[in-house]
1. Contact list please: Cβ distance under 6 Å, first residue in the range 28-46 and closer than 14 Å to ASP63 by Cα, second residue part of a helix (DSSP H, G or I), pairs at least six apart or on different chains.
2. Of these, GLU117, GLU105, which one is of a type in the set (D, E, K, R), out of contact with any helix residue (DSSP H, G or I) (no Cβ under 9 Å at 6 or more places or on another chain) and at pLDDT 80 or above?
3. Just give me the residues in the range 83-97 being outside any helix (DSSP H, G or I) and among the acidic types (Asp, Glu), in sequence order.
4. For the range 8-17, what are the residues that are open to solvent by 50 Å² or more (accessible area, probe 1.4 Å) and either assigned to a strand (DSSP E or B) or touching a residue at least 12 places away in the same chain (Cβ under 8 Å) (or both)?
5. Can you tell me which residue in the range 47-74 is farthest from GLY30 (Cα to Cα), limited to those that are part of a loop (DSSP other than H, G, I, E, B) and of a type in the set (Asp, Glu)?
6. Name every residue in the range 47-58 that is closer than 18 Å to ARG118 by Cβ and either crowded, with 23+ Cβ neighbours inside 10 Å or free of Cβ contacts under 8 Å to residues at least 40 places away in the same chain (or both), in order of residue number.
7. Would you tally the residues in the range 30-45 being open to solvent by 70 Å² or more (accessible area, probe 1.4 Å) and not in a helix (DSSP H, G or I)?
8. Name, by its number, the condition in (1) over 22 Å from ASP108 (Cα atoms); (2) open to solvent by 80 Å² or more (accessible area, probe 1.4 Å) that does not hold for VAL5.
Amino acid sequence: ASALVMVVDATDVVVELDSNFAKMVEEVGGRATFYVLTDIVPKSADVLKKIQARGHEIAYLGDRYEGFKDQSSAVQAKRFDAMRKVTNDAGVNVPADAGFHAPLESYDKTTENLLSERNFRYMLTSNGATDSRLPFFATNAVPANASRPLVVLPRTQIGPEDAMEEGDPEVGL
């Protein structure tokens, strides 16, 4: 929908202040995608619905702040299914083909395969996922029950916290 997507990783309960941030993004003509841990969705549901009603996207940051890499297919599948169930049970209507961002950038080919099988539209990854930082399709074969290949979106800019940790905080800011 846009050439630049403002990404917010919501690892703590989403509060009214986050809704104010969404408003500020709107004021400059943008929309944000809020990647939300489903552990916090029940306590964040009212504010998430407000943010979503304003035209911002709600997507998944996993069920808890733990990576997916090297977990079995069965474990990862169970986590994806629980992630969707908790979100739906909380009344936050996230599309079936929503996006996904693996916590701690921890994912593997199994994660990609399961995302494809479950018809997720895209996965946000670190800026190191490709040299070009351009979107690409996951290299795994598209499962028979998938409606399209999984799009991988490498970040093009790092967040402020990461920038401040990479040396001199003043340079990062």
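1. THR38/MET83; THR38/VAL86; THR38/THR87; VAL41/VAL86; VAL41/THR87
2. Details: GLU117 fails: out of contact with any helix residue (DSSP H, G or I) (no Cβ under 9 Å at 6 or more places or on another chain).
Selected residue: GLU105, the only one of GLU117, GLU105 that is of a type in the set (D, E, K, R), out of contact with any helix residue (DSSP H, G or I) (no Cβ under 9 Å at 6 or more places or on another chain) and at pLDDT 80 or above.
3. In the first step, residues of the range 83-97 are kept if they are outside any helix (DSSP H, G or I); the result is 90-97.
Selection gives ASP97 alone.
4. Filtering the range 8-17 down to residues open to solvent by 50 Å² or more (accessible area, probe 1.4 Å) leaves 9, 11-13, 15-17.
Answer for the range 8-17, where residues must be open to solvent by 50 Å² or more (accessible area, probe 1.4 Å) and either assigned to a strand (DSSP E or B) or touching a residue at least 12 places away in the same chain (Cβ under 8 Å) (or both): ASP9, THR11, ASP12, VAL13, VAL15, GLU16.
5. Taking the range 47-74 first, the residues part of a loop (DSSP other than H, G, I, E, B) are 54-56, 61-72.
Subset that is of a type in the set (Asp, Glu): 63, 66, 70.
Numbers: ASP63: 27, GLU66: 30, ASP70: 36 Å.
The residue in question is ASP70.
6. Just the residues of the range 47-58 that are closer than 18 Å to ARG118 by Cβ, to begin with: 57-58.
Across the range 47-58, the qualifying residue is only ILE58.
7. Step one: filter the range 30-45 for residues open to solvent by 70 Å² or more (accessible area, probe 1.4 Å), giving 31, 39, 42-43.
Then drop every residue that is not not in a helix (DSSP H, G or I), which leaves 31.
Number satisfying all stated conditions: 1.
8. (2)
The values are calculated or read from the model by the stated rules, or taken from the named source; none is laboratory data. The model shown is predicted, which means the values in this text are computed figures rather than measured ones. No Cβ is skipped: glycine too gets one built from the backbone with ideal geometry, and neighbour counts run over all protein chains shown. Each accessible area value is taken on the protein alone, full model and side chains, heavy atoms only, with ligands, DNA and RNA left out. Shrake-Rupley method; radii C 1.70, N 1.55, O 1.52, S 1.80 Å.
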